[in-house]
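Working notes, structure below.
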Amino acid sequence: NLFFSGLTAMEKKLAEYKCNTNEAIQLKLVRFPEDLEDENTTFNPEYSHQVFGDDEVAFGYKGLKILLYYIAGNLSTLFRVEYTSKVNEKFDCVEADDVESKIREIIPPGFCTNTDDFVSLLEKEVNFKPFGMLLHTYSIHNEEGGEDITYQIYKADMTCPGFREYHERLQTFLMWFIETASFIDVDDERWNYFLVFEKYNKDGATLFATVGYMTVYNYYVYPDKTRPRVSQMLILPPFQGEGHGAQLLETVHRYYMSSPTVLDITAEDPSENYVKLRDFVLVKLCQDLLCFSPVKLMQGFSQEMVTEAQQKLKINKQHTRRVYEILRLRATNMGDAEESRSYRLDVKRRLIGPYKKKQRELAKMRRCLRPEEMTNQLNQIDLNLQREQLEESFQQLVSDYRRVLERLAQA
């Protein structure tokens with residue numbers, strides 16, 4: 001048994017050399033030299049599986065720190081790997097993961113490796129200006145500093161000097177904060193880029209810090225229209241929860257609304273958070289349209305709503321339907337049995353669509369399957385289960401819709 005006890009001791013020792021990469025990676029957006037030493041300015045990834053595998057583990061180090069520090073505006077990068085100890089190939093017969101080359105695969109070359117170089121770059125940051133065309137300026141009151149902070153949204157493209165290199169640095173954040181992130185083909189001219197910046201003061205000068213961005217792809221629709229599709233959207237963690245996502249999405253909608261060639265705006269594989277954000281922004285835009293007056297809402301979903309939302313606000317039919325359901329909820333007295341029943345039926349009729357489709361498919365199968373195969377198929381769709389699922393979906397929707405309406409009431 002000696003062999004086994006030896007093995008477990010070895011295993012135990014090697015287990016100590018495993019590090020969670022979400023904790024090891026330390027990100028910063030640096031404005032002042034003192035930010036480098038300040039723990040409060042550090043944030044960590046939500047995901048690192050795309051770089052370090054599904055376990056999100058780096059093997060071979062104790063006390064591993066992967067430092068990725070960015071200058072707040074132009075995102076010049078400091079990259080360093082630090083650790084207290086590392087396994088030794090000769091002694092431990094195992095090799096440590098090559099952490100550095102994994103990170104080098106996603107960050108563009110030309111980064112700093114020592115702090116002094118980084119700090120001297122920081123002094124040149126005063127020359128950094130946002131790229132492209134200014135679309136929107138807004139301000140948010142900061143409780144901590146007791147002041148109003150100004151933000152600006154720009155539309156940029158690859159012809160802006162320096163933007164291509166800047167975008168390469170910016171997109172590295174996607175890997176850490178979007179679960180299925182991928183880098184886009186920047187040579188395709190149908191991409192639009194929308195960027196959010198914060199204005200801040202440093203030694204009497206006005207500087208700009210990167211807050212977040214969105215990429216939108218312009219799909220061609222025959223014969224002479226486009227259908228912009230939101231691809232990626234990220235507000236950097238230090239700025240999340242302050243309302244920048246809503247400002248950005250609304251600004252992008254307004255930008256496309258003014259274009260006669262745009263049909264409507266869609267999104268690629270939207271996350272739950274994005275859907276909540278979109279609900280809020282679209283309801284905010286739509287609530288004053290005549291077709292959404294309380295009287296018309298109570299008459300049900302109409303073609304007039306679809307047409308007006310598409311023509312005036314570039315909103316597609318599917319999203320218009322959600323806006324209608326949210327605004328109708330607001331106009332409905334859910335304490336009134338008749339009104340609430342009518343609302344519930346209206347929403348469930350839409351939700352049952354996919355089930356009905358399944359039943360049509362089953363009817364087709366019935367005609368070509370043997371009876372014993374058929375019962376098997378039928379058992380999968382039990383009517384009671386269907387009712388339960390439908391009720392559950394409905395309740396979930398209503399609670400999501402209420403949240404949108406609460407946010408709207410505060411806006």
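Show which aspartates and glutamates lie in cross-link reach of LYS312 when reach means a straight Cα distance below 13 angstrom and same-chain residues fewer than eight apart are skipped. Cross-link targets: ASP264, ASP288, GLU304. Quote the charge dipole size of segment 129-269 about the Cα centre in Debye, to the nearest 20; the model charges only the Cβ of Lys and Arg (+1) and of Asp and Glu (-1). Around 360 debye, computed over segment 129-269.
Taking the square roots of five times each eigenvalue of the Cα gyration tensor of the chain, the equivalent ellipsoid has semi-axes of 45, 34, 20 Å, listed largest first. To put it simply, the accessible area of the chain at a 1.4 Å probe is 48 percent carbon and sulfur.
Straight Cα distances below 28 angstrom link LYS62 to the lysines LYS12, LYS13, LYS18, LYS28, LYS86, LYS90, LYS102, with same-chain residues fewer than 8 positions distant left out.
Taking each of LYS202/LYS284; LYS199/LYS317; LYS65/LYS155; LYS276/LYS296 in turn, the alpha-carbon distance tops 26 angstrom for LYS202/LYS284; LYS199/LYS317; LYS65/LYS155. Once you reduce segment 5-49 and segment 330-371 to the center of their Cα atoms, the two points are 49 Å from each other.
Here the sum of -39500 (n - 2.57) over DSSP H runs of 4 or more residues, divided by the residues of the chain, equals -13500 deg cm²/dmol at 222 nm, to the nearest 500. Solvent-accessible area of ARG344, all protein chains in place: 90 Å² (probe radius 1.4 Å, heavy atoms, ligands and nucleic acids excluded). Using the heavy atoms of the protein chains and a 1.4 angstrom probe, tell me the accessible area per residue for the chain in square angstrom. Accessible area per residue, the chain: 55 Å².
Taking amide hydrogens as placed 1.01 Å from N in the peptide plane, the amide H of PHE111 sits under 5 Å from that of no residue at least 5 positions away in sequence or on another chain.
Over the Cα atoms of segment 157-214, the radius of gyration divided by the Kirkwood radius equals 1.03; this is the Rg/Rh ratio. Distance between the pseudo-spin-label points of GLU39 and LYS199 (7 Å out from Cα toward the beta carbon): 3.6 nm.
Can you list the aspartates and glutamates whose alpha carbon sits under 17 Å from that of LYS358, skipping same-chain ones fewer than 8 residues off? Within the straight-line cut-off, LYS358 pairs with GLU373, ASP382, GLU388. Considering the dipole of segment 129-269 built from charges on the beta carbon (Lys and Arg +1, Asp and Glu -1) around the Cα centre, which of PHE239, CYS160, VAL196 is farthest to its positive end? Farthest towards the positive end: CYS160. The gain in end-to-end length when the MET365 to GLN303 segment is fully stretched comes to 18.9 nm, 0.36 nm per residue minus the alpha carbon separation. The share of Cα pairs per 5 Å bin across segment 1-83, counted from zero up to the longest distance, runs 3, 13, 19, 19, 14, 11, 8, 5, 4, 3, 2, 1, 0 percent. Remark: segment 26-132 carries a charge dipole of roughly 300 debye about the Cα centre, counting +1 on each Lys and Arg Cβ and -1 on each Asp and Glu Cβ. Remark: the chain carries a charge dipole of roughly 2340 debye about the Cα centre, counting +1 on each Lys and Arg Cβ and -1 on each Asp and Glu Cβ. Relative contact order of segment 129-269, taken over Cα pairs closer than 8 Å and 6 or more residues apart, is 19 percent.
Computed with a 1.4 Å probe over protein heavy atoms only, the accessible area of LYS124 comes to about 120 Å².
The values are calculated or read from the model by the stated rules, or taken from the named source; none is laboratory data. The shown structure was predicted, so the numbers you read here are calculated from the model rather than taken from an experiment. Neighbour counts run over all protein chains shown; Cβ positions are idealised from the backbone, glycine included. Accessible surface areas use protein heavy atoms only, side chains included; no ligands, DNA or RNA. Shrake-Rupley method; radii C 1.70, N 1.55, O 1.52, S 1.80 Å.
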